[in-house]
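The values are calculated or read from the model by the stated rules, or taken from the named source; none is laboratory data. Predicted model only: the values in this text are computed from it and were never measured. Please note: Cβ atoms are built from the backbone with ideal geometry, for glycine as well, and neighbour counts cover all protein chains shown. SASA here: full protein model, heavy atoms, side chains in, ligands and nucleic acids out. Shrake-Rupley method; radii C 1.70, N 1.55, O 1.52, S 1.80 Å.
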Amino acid sequence: MTALGADYQEFLQHARVQQRLSPRTLKVYTDGLERLQRMLAEASIDTRALSLAQARRLAALLHREGLAPKSIALLLSVWRSTYRWLGLQGRVTLNPFDGLKAPKAPKPLPKALGVDDAVQLATHVPDEIADSRLEARDRAMVELLYGAGLRAAELIGLDAQASGTAEGWVDLQSSEVHVLGKGGKRRSTPLGKAAAAALREWLAVRGQLAAAGEPALFVGARGHRVAGSTLRTMLRARAVSAGMPAHVHPHMLRHSFASHLLQSSGDLRAVQELLGHAHITTTQVYTQLDHQHLARIYDAAHPRAKK
């Protein structure tokens, strides 16, 4: 590889000293500038004469080479920083990479458990139970996450009773969960029989753990509102104990709730309402999960799909 030109070397020295770049980040910058120098040389373009149109063509070349959007964005960031410094030094009159963006990366599909795995997680009874009261709490939390599609913050924010200050609460009599979702938007979600039964078991022992005056529905061992970290740790441990094939986190159960409802009903609008999505486009990602499910059924069952 030809040595980097003086402009690039001086910028790297500046970045190393002034920005205190780590060796790893400095290598990313160096690799990015080596790539830029090579591309400019192949196109017979002088570093200080790079135009906006030429910069756009460089970005397009990266895309045609098959680089991932994140990799392109990283290179453009390095080049943008370099030309910004060159401009401050008076060596270029414009930054050709200003405003130039990488193509958008496709959003990854949310991960959802299969129906059998989700039910297994909800019904699983650990071999060793240190505190039967906390086990009742954990089972109720899992049932609400999967059975009502709650976000972790919505679950943790539930109070034992409805009040003027409660963010959310459960009405066992009407079999509904009332929550305060994103953007301060309130919604009500039906409470299934399994979740209601698990909640009743938890409420029967909650008073033995809850500190005096604690309004939270779900409390920790010290009697106060359960923390998000406690919820995540519990789910991980429960999934391992149940033999789950994947790392399970609270939002995965919300994804499972949505995906399984859509598979059974096909009613996208209803799922949107139950999830509390402001826009139908947010919910439409679950149609892709549903199509994956249908594709697996096709591949397994159709005579012409079998190899």
Residues that are open to solvent by 50 Å² or more (accessible area, probe 1.4 Å), among the charged types (D, E, K, R) and without any contact (Cβ under 8 Å) to a residue 40 or more places away in the chain: does the range 204-219 have at least one?
no
It is to be established whether one or more residues within the range 137-144 are open to solvent by 30 Å² or more (accessible area, probe 1.4 Å) and in a helix (DSSP H, G or I).
yes
Screening L100, L74, L94 for residues that are open to solvent by less than 50 Å² (accessible area, probe 1.4 Å) and either farther than 24 Å from Q9 by Cβ or at pLDDT below 95 (or both) leaves only L100
Of the residues in the range 117-136, those that are loosely packed, with under 12 Cβ neighbours inside 10 Å and not in a helix (DSSP H, G or I) come to V125, D127, E128, A130
Given (1) loosely packed, with under 14 Cβ neighbours inside 10 Å; (2) basic (K, R); (3) modelled with pLDDT of 95 or more, R35 misses just (1)
In the range 150-163, is there at least one residue being in contact (Cβ under 8 Å) with a residue 12 or more places away in the chain, touching a Pro at 6+ places or on another chain (Cβ under 8 Å) and assigned to a helix (DSSP H, G or I)?
yes
TODO: Kindly indicate whether any position in the range 173-195 is out of contact with any helix residue (DSSP H, G or I) (no Cβ under 6 Å at 6 or more places or on another chain), under 22 Å from V119 (Cα atoms) and at pLDDT 90 or above.
DONE: no
Of those in the range 82-106 that are in contact (Cβ under 8 Å) with a residue 40 or more places away in the chain and assigned to a helix (DSSP H, G or I), the residue farthest from the chain's Cα centre (by Cα) is L86
